[in-house]
Amino acid sequence: MSFSPDEKFALQLDAEDPLRQFREKFHLPLGPDGKPLIYFAGNSLGLMPKTARKIVEQELDDWAKFAVDAHLGAATPWYTYHETLREPAARLVGARPNEVICMNSLTVNLHLMMATFYRPTKTRCKILMEEPAFPSDTYAIKTQIAHHGFDPKEALVLARPREGEFTVRQEDIEDVLEKQGDQIALVLLAGVNFFTGQLFDIEKITAVAQKRGITVGIDLAHAVGNVPLTLHEWNVDFAVWCSYKYLNAGPGAIAGAFVHDRHATNRELPRLAGWFGNDPNTRFRMHLEPEFIPVPSADGWQVSNPPIFSMAPLRASLAIFDEAGGMKALREKSIKLTGYLQFLLSEFATGRIRPTGGPDCLTIITPRESDARGCQLSIQVHENPKELFKKLEAAGVKCDFREPNVIRAAPTPLYNTFHEVWRFGRILSDHR
């Protein structure tokens, strides 16, 4: 759509926004002046849904009232608590309910998935990932490679941006798969890159890799709740995600995993087992049933009983996503928000937004095309980047800084406004 740098235009967009009422469903952090901060840090930690407190307090009350009997007698029984998250989470990632399980933390789930799906041989032991990847993924992958007796320096293959570029080209990923496909056991990419905000073509990468017999896993930490996903249709083998960013479930909240139906129902797959992945019909026979019989669904990878207090806030957030109409409606607004931000940065910082560096210049390293990014824009600052970031903070902007010189701003459609985007553009322009 056509944008205008006029403040009235931003206010008009907010007045016409069908999702504007959802902002009131979140606690907005306040600055020293008592006014809400411009909170563009949902890619690090989403805001707290106001209904989360009541849901958490219900579990505390049930613990106090019922103690151990709350496993079956609580308002939402603890024994099956994870089942309340299954369908709304499946809707967000485009999966069948039996393909999704909310459990553990992201990196733990990544290890659990690789225990099953990374089965290297002497001739096919490599893992392909993008660079830069989120450090925790890199640590997990390198240790998995070493665990199997291979050298990460040889077995880890990186798809890198070309010289002078910031994002990875699709054709370069395909080229690696073409040249080294018979040596690659696993492709493990982010859905949206944490640093650049690049959205990968998951469907196409999956198809190209699987034609060469390669398993595909996706880290959705920066994609879930940010962009539309259809994991089942894309035929992705597995995926993992956290829920404290765009899913607004709080620090350390429960993570999630997807296992495609063709694997989820296969009880013969090797895995690291625990009692809550066992058949619920015999789970409490315990020592009388010493053999592990996995649940024929993604539940079969669950190792421990549900952590109620880290699951409860996610129930509040997922209900808001459903009320908002899911990712289709949110994505429509998100594309406008981020497109407007990109436009304003060019308008307000004329002569400073350049594809290459220079004194007093900014470079947007996130793809310009809306279908190649989520809501985040990563802004490379070529002169005094930390000083500029501090000025933004002092002006009431909460975004984040990534070394050595990138400011990440992520206007999210559930609680951010077009006028906040306009204000951010003005503030960034004024603080050169």
Can you spot a residue in the stretch 263-276 that is touching a residue at least 24 places away in the same chain (Cβ under 8 Å), among the acidic types (D, E) and open to solvent by 40 Å² or more (accessible area, probe 1.4 Å)? no
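Among residues belonging to the stretch 401-432 that are open to solvent by less than 20 Å² (accessible area, probe 1.4 Å) and at pLDDT below 95, point out the one that is farthest from the chain's Cα centre (by Cα). Can you show your working first?
Looking only at the stretch 401-432, we keep the residues that are open to solvent by less than 20 Å² (accessible area, probe 1.4 Å), and these are 406-416, 418, 420-421, 424-425, 428-429.
Adding the requirement that they be at pLDDT below 95 leaves 425, 428-429.
Working: G425: 25, L428: 27, S429: 30 Å.
Out of the qualifying residues, it is S429.
Which is open to solvent by less than 40 Å² (accessible area, probe 1.4 Å) and of a type in the set (D, E), of D279, D371?
Details: D371 fails: open to solvent by less than 40 Å² (accessible area, probe 1.4 Å).
Just a single option satisfies the conditions, and that option is D279.
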Checking the conditions here, which among N98, N104, N109 is assigned to a loop (DSSP other than H, G, I, E, B), under 21 Å from W301 (Cβ atoms) and either out of contact with any Leu (no Cβ under 7 Å at 6 or more places or on another chain) or open to solvent by 50 Å² or more (accessible area, probe 1.4 Å) (or both)? N104
In this structure, is G34 open to solvent by 10 Å² or more (accessible area, probe 1.4 Å) and touching a helix residue (DSSP H, G or I) at 6+ places or on another chain (Cβ under 7 Å)? no
Residue that is nearest to the chain's Cα centre (by Cα) [pool: residues in the stretch 112-170 that are assigned to a strand (DSSP E or B) and β-branched (V, I, T)]: I127
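Would you point out which residue out of G225, G252 is in a loop (DSSP other than H, G, I, E, B), out of contact with any Pro (no Cβ under 9 Å at 6 or more places or on another chain), on the phi > 0 side of the Ramachandran plot and open to solvent by 30 Å² or more (accessible area, probe 1.4 Å)? Step through it out loud before you land on a result.
Numbers: G225 fails: open to solvent by 30 Å² or more (accessible area, probe 1.4 Å).
Testing whether each residue is in a loop (DSSP other than H, G, I, E, B), out of contact with any Pro (no Cβ under 9 Å at 6 or more places or on another chain), on the phi > 0 side of the Ramachandran plot and open to solvent by 30 Å² or more (accessible area, probe 1.4 Å) leaves just G252.
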Report, by residue number, each residue of the stretch 92-104 that is touching a Phe, Trp or Tyr at 6+ places or on another chain (Cβ under 8 Å) and charged (D, E, K, R). E99
Could you look through the stretch 146-156, keep only residues that are under 13 Å from M129 (Cα atoms) and aliphatic (A, V, I, L, M), and pick out the one that is least open to solvent (accessible area, probe 1.4 Å)? A155
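The values are calculated or read from the model by the stated rules, or taken from the named source; none is laboratory data. Everything numeric here is computed off the predicted structure, so don't read it as measured data. Note that we place each Cβ from the backbone using ideal geometry, even for glycine, and neighbour counts take in every protein chain shown. When the accessible area is computed, the model is the full protein with side chains, heavy atoms only, and any ligands, DNA or RNA have been set aside. Shrake-Rupley method; radii C 1.70, N 1.55, O 1.52, S 1.80 Å.
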